[in-house]
1. For a protection proxy built on the mean count of beta-carbon atoms within 10 angstrom, sort 286-296, 157-167, 212-222 highest first, please.
2. Hey, what's the Cα Rg ratio for region 104-198 versus the globular rule of thumb, 2.2 N^0.38 Å?
3. Of all DSSP beta bridges located in the chain, what percent are antiparallel, nearest 5?
4. At 4 °C and 1.567 mPa s, grab the translational diffusion coefficient of region 168-299 from Stokes-Einstein with a Kirkwood Rh over Cα pairs, rounded to a whole number in µm² per second.
5. Between Lys314 and Glu263, with labels modelled 7 Å along Cα→Cβ, what's the label distance in nm to one decimal, could you check?
6. Just for the Cα atoms in the chain, what are the lengths along the principal axes, largest first, rounded to whole Å?
7. On a straight-distance basis, which lysines could pair with Lys226 in a cross-link, Cα separation under 30 angstrom, same-chain partners fewer than 8 positions away excluded?
8. For the chain, what is the charge dipole size about the Cα centre, in debye to the nearest 20, if Lys and Arg each add +1 at the Cβ and Asp and Glu each add -1 at the Cβ?
Amino acid sequence: MKPSHPLLVAGLLCTALVHANARKPNVIVIFTDDQGSVDAGCYGTNDIQTPHIDSLAKRGIRFTQFYAAAPVCSPSRAGLLTGRYPLRAGVPGNTTSIKGRPGMPGEQVTIAEHFKSQGYKTAHIGKWHLGYIPDHMPNAQGFDYSFGHMGGCIDNYSHFFYWQGPNRHDLHRNGKEIFEDGKFFPDLMVHEACGFIKENQNSPFFIYFAMNTPHYPYQGEAHWLKTYSKLPHPRNLYNAFVSSQDARIGDLLAYLDELGLREDTIVVFQSDHGHSTEERAHHGGGNSGPYRGAKFSLFEGGIRVPAIISWPGKLSQGKTITDIAHSCDWLPTLAELAGIKLIKNNIDGKSLTPLLLGKADKGPHGILHWQIGTGGRAQWAVREGDWKLIGNVRDTSNPKSPGAAAAKLFLSNIRTDPGELKNHAGDHPDIVKRLQSAHNSF
């Protein structure tokens, strides 16, 4: 066989380099569960060790006015995955944790379906909580691979759901029940994600890494419990679980580094909503900082969450964005960054890419909507500029906020009063009328 001509070899090498450089980036969305508004070192908390979350902020862009799509699990996830307000995605409240019950309608188009249509390998790892029938489970919603629990939470060692009705086992791989008795679920998540990355390292992949931490039950590792043993209860339990979570995020990032994929991978980090003050969460443990409210509330502490995006070498590092952004924005943002053409554009999210790249001097939102539940008793909110109006107010703060009593209509100025201590509804009936009209036409 004759040796290849040098010019031909050089041409082939150039072609290979062009294809290598043209490869679309991998994407990993890390979605934590019930993590408080300020509960990471990079968000100001000084009593929790979160070096790996902090490292994402150092190597990426941190948002300080980022909002979850809802203050409770299922609708928040629906907003992230579809780019649509949860009510429009068919998930106005929590879906089931019982096998055989439906959830998010199958006709909703998820971020996984968008990316899969463009050649990405897609995986769901962790919590689902968007339906427990085959047509509404991850493999029918655009995910090539799925591992985790279908309901709202599990014990991290037995993988049983203990919180409603008969105790039931909930651990699945690609829709089939599996058993991994005694293994710490966050470790299983990392193991499954790393296996998926290894198998698909030569083609672009999208991973929805939906952690069930620090959602109850608080099951932090023993050495972290010892580290925080002098803190008051239940902060000690919560902190241990957050640091255990942070360590698993570190393991996942370390594997990307090991395979040389870190600079080819966009990593998003966000909490699904504020911390829990439910009895099953020992009535608290998390911290909303200066903000009023917690999980289930549309005060800031229920929906204002830590959020970071990191893509070393492509996006700025150590940057902070103070403009308003929303979890529905991740779908169009990640699609634009990755060069993905959306299947359809009937979404509520707006691309944050111009803001991330410094090509815009303000965020894309003129107005934002939230609604939990349906009918006359649904809790709802509208934010326009500095003003935010909440209807059918629920304050889940523990201890209760020292501010004005929650009323049916609560108008706050987020710029001058981020803690929402004063109700301006009586002082500005014109603003109340305008925002209420915006909600009614939503």
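Laboratory data are not the source of any read-out in this text; all were calculated from the coordinates shown. Just so we're clear, the structure is a prediction, and the values are computed from it rather than from any experiment. Counting neighbours? That spans all protein chains shown, and the Cβs are built from the backbone with ideal geometry, glycine included.
1. My ranking of the peptides, most packed first, is 286-296, 212-222, 157-167.
2. Normalised Cα radius of gyration, region 104-198: 1.09.
3. Of all bridge pairs located within the chain, approximately 50 percent are antiparallel.
4. 77
5. 1.3
6. Sorted largest first, the three principal extents are 88, 49, 43 Å.
7. Straight-distance partners of Lys226: Lys58, Lys127, Lys183, Lys295, Lys400.
8. The dipole of the chain has a size of about 720 debye.
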